[in-house]
Amino acid sequence: MLKFVGGIFIVVCGTLGGIYFSLRLKRKVEFFEQYIMFLTQVQTMISYGGMSVREILKEIKNIPLAEPILTDTEKYMDNGEAIESAWKKAVNENMKKLYFEKSDIEIVEYFGNAFGISDREGELSKIKLHEELVRNRWHVLKNDMLSKCRVYRVTGMFCGVMAAALIC
């Protein structure tokens with residue numbers, strides 16, 4: 001009986017591991033979807049409102065996955081850091097917590113390197129270029145999610161069953 005319960009526990013752990021990796025990939029896709037929304041809002045605020053960087057960061061608070069980056073950037077800027085270093089620091093801290101790849105972190109970091117140093121048209125063109133780069137990455141991640149999420153779950157369950165069969 002104890003072996004049976006242990007075997008069930010191993011299968012459940014394997015399945016949960018597969019679900020975990022599946023959800024991690026889904027969260028990356030959701031982050032980039034919300035980040036695209038953020039970029040769209042920034043474009044609107046610059047083109048119609050002529051808002052400064054600090055005003056933009058204070059206004060945008062309705063994007064749950066990007067909000068920690070915005071809040072931390074604002075906090076670092078309040079401590080006297082420039083937008084470039086504040087954005088980079090906030091992106092690194094928050095995206096590493098979510099286990100993003102280095103290439104994903106670099107894409108989001110790029111926004112802070114070029115933000116707030118140009119006139120309105122220059123800012124808008126840089127944001128459009130950055131948005132295209134982000135959309136390309138989002139499409140890749142979305143395709144990965146569609147093809148790999150089920151594989152992660154099934155593989156996790158299969159590994160759990162195999163481990164339980166070998167041990168029991």
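Scanning region 1-22 for residues that are part of a helix (DSSP H, G or I), over 22 Å from the mean Cα position of the chain (by Cα) and not aromatic (Phe, Trp, Tyr) returns 2, 3, 5, 6, 7, 8, 10, 11, 12, 13, 14, 15. Starting from region 1-20, keep only residues that are of a type in the set (S, T, N, Q), then list their pairs with residues that are part of a helix (DSSP H, G or I) whose Cβ atoms are within a distance under 8 Å, requiring at least 6 positions of separation or different chains. Note: pairs meeting the criteria are 15/153; 15/156; 15/157; 15/160.
Matching residues to (1) farther than 20 Å from residue 137 by Cα; (2) of a type in the set (Lys, Arg); (3) over 20 Å from the mean Cα position of the chain (by Cα); (4) open to solvent by less than 10 Å² (accessible area, probe 1.4 Å):
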residue	(1), (2), (3), (4)
34	no, no, no, no
82	yes, no, yes, no
85	yes, no, no, no
98	no, no, no, no
101	no, no, no, no
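Identify, please: which residue in region 106-143 is open to solvent by less than 80 Å² (accessible area, probe 1.4 Å) and of a type in the set (Asp, Glu) and is, among those, farthest from residue 50 (Cα to Cα)? That would be 109. When you scan region 146-153, do you find a residue that is outside any helix (DSSP H, G or I), under 30 Å from residue 8 (Cα atoms) and open to solvent by less than 60 Å² (accessible area, probe 1.4 Å), even just one? Among the residues of region 146-153, not one is outside any helix (DSSP H, G or I), under 30 Å from residue 8 (Cα atoms) and open to solvent by less than 60 Å² (accessible area, probe 1.4 Å), which makes the answer no.
Can you confirm whether residue 93 is part of a helix (DSSP H, G or I) and farther than 21 Å from residue 21 by Cα?
Values: part of a helix (DSSP H, G or I): yes; farther than 21 Å from residue 21 by Cα: no.
Against the criterion (part of a helix (DSSP H, G or I) and farther than 21 Å from residue 21 by Cα), residue 93 does not qualify.
Whenever a residue of region 36-51 is over 14 Å from residue 119 (Cα atoms), its partners that are of a type outside the set (Asp, Glu) and modelled with pLDDT of 90 or more, lying with C-beta atoms within less than 6 angstrom and at least six residues away or across chains, give the pairs 36/134.
Considering region 48-70 alone, what residues qualify as being in a helix (DSSP H, G or I) and loosely packed, with under 14 Cβ neighbours inside 10 Å?
Restricting attention to region 48-70, the residues satisfying the condition of being in a helix (DSSP H, G or I) are 48-49, 53-59, 67-70.
Passing the criteria: 48, 49, 55, 58.
Considering each residue of region 71-80, count those that are outside any helix (DSSP H, G or I) and buried (at least 16 other Cβ atoms within 10 Å of the Cβ), and give that number. Adding up the residues that qualify gives 0.
So is residue 29 closer than 22 Å to residue 138 by Cβ, assigned to a helix (DSSP H, G or I) and either among the aliphatic types (A, V, I, L, M) or open to solvent by 60 Å² or more (accessible area, probe 1.4 Å) (or both) or not? Spelling it out, residue 29 is indeed closer than 22 Å to residue 138 by Cβ, assigned to a helix (DSSP H, G or I) and either among the aliphatic types (A, V, I, L, M) or open to solvent by 60 Å² or more (accessible area, probe 1.4 Å) (or both).
Taking residue 123 as the residue in question, decide whether it is within 18 Å of the chain's Cα centre (by Cα), closer than 21 Å to residue 86 by Cα and part of a helix (DSSP H, G or I).
Details: within 18 Å of the chain's Cα centre (by Cα): no; closer than 21 Å to residue 86 by Cα: yes; part of a helix (DSSP H, G or I): yes.
No, not satisfied.
The values are calculated or read from the model by the stated rules, or taken from the named source; none is laboratory data. The shown structure was predicted, so the numbers you read here are calculated from the model rather than taken from an experiment. Cβ coordinates were reconstructed from backbone atoms using ideal geometry, including for glycine residues, and neighbour counts include every protein chain displayed. Surface accessibility is based on the protein's heavy atoms, side chains included, excluding ligands, DNA and RNA. Shrake-Rupley method; radii C 1.70, N 1.55, O 1.52, S 1.80 Å.
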